[in-house]
Amino acid sequence: MRSETLRTACQKGTEWLLQLANDDGSIGPAEQRLYYYRVPWALALVGQIDAASAKLGWIDRHMFSPGGAFEGVSPRGVFDQRYGSYPIACLVVGAALLNRFDVVQRGTQHLLTWQDPETGGFCNSNIEIIAATEQELFPTCQGGMALVIAGELDAARRAGD
């Protein structure tokens with residue numbers, strides 16, 4: 001019974017995400033805020049590869065800079081002040097699941113600019129990383145997982161430390 005409940009919940013969640021999809025590949029009201037960075041990952045996990053690829057393609061064309069940063073049409077909100085590495089790390093995981101290594105490579109290179117070279121933690125800001133720069137656990141964990149997937153094992157180990 002429990003597995004059927006989980007399967008039903010997963011199916012309903014997938015249907016809800018797909019209903020938010022726009023014809024151009026975007027999802028939801030993209031001009032309002034950056035909240036869809038995890039969607040390619042989620043859709044890839046449930047086997048919606050075409051939909052996940054369409055979402056990642058839109059993000060790549062409209063939101064993701066050549067340097068691997070979110071700089072497009074969606075306001076970054078809290079990610080401008082804190083946790084800025086988190087959406088990048090989530091997108092790297094989704095891109096890896098979709099074999100979009102061009103996005104993985106760009107995102108990983110930018111993600112590494114958020115990592116403190118001494119502690120391995122991920123800073124809330126990557127403008128100037130100094131010993132006093134605040135670091136957070138959940139962006140460090142997500143960053144470390146993304147770095148493992150991207151093959152940056154030394155940097156991932158530093159995050160783990």
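The values are calculated or read from the model by the stated rules, or taken from the named source; none is laboratory data. Every value quoted in this text rests on a predicted model; they were computed, and no experiment measured them. With ideal geometry, Cβ positions are generated from the backbone for all residues, glycine too; neighbour counts draw on all protein chains shown. Remember, those area values only see protein heavy atoms, side chains included, never the ligands or the DNA or RNA. Shrake-Rupley method; radii C 1.70, N 1.55, O 1.52, S 1.80 Å.
The test for being over 15 Å from residue 143 (Cβ atoms), small (Gly, Ala, Ser), touching a Leu at 6+ places or on another chain (Cβ under 8 Å) and surrounded by fewer than 22 Cβ atoms within 10 Å (Cβ to Cβ) holds for residue 53.
Pick from 74, 65: which is of a type outside the set (A, V, I, L, M) and touching an Asp or Glu at 6+ places or on another chain (Cβ under 6 Å)?
Within the list 74, 65, the selection yields 65.
Looking at residue 50, is it within 17 Å of the chain's Cα centre (by Cα) and among the acidic types (Asp, Glu)? Against the criterion (within 17 Å of the chain's Cα centre (by Cα) and among the acidic types (Asp, Glu)), residue 50 does not qualify. Selection of segment 28-40 for residues being more than 12 Å from residue 100 (Cα to Cα) and crowded, with 19+ Cβ neighbours inside 10 Å yields 30, 34, 36, 37, 39. Taken as a whole, the condition of being closer than 19 Å to residue 143 by Cα and open to solvent by less than 40 Å² (accessible area, probe 1.4 Å) applies to residue 69. Based on this model, can you work out whether residue 85 counts as open to solvent by less than 50 Å² (accessible area, probe 1.4 Å), of a type in the set (S, T, N, Q) and at pLDDT 90 or above? Taking the combined requirement at face value, the residue satisfies it.
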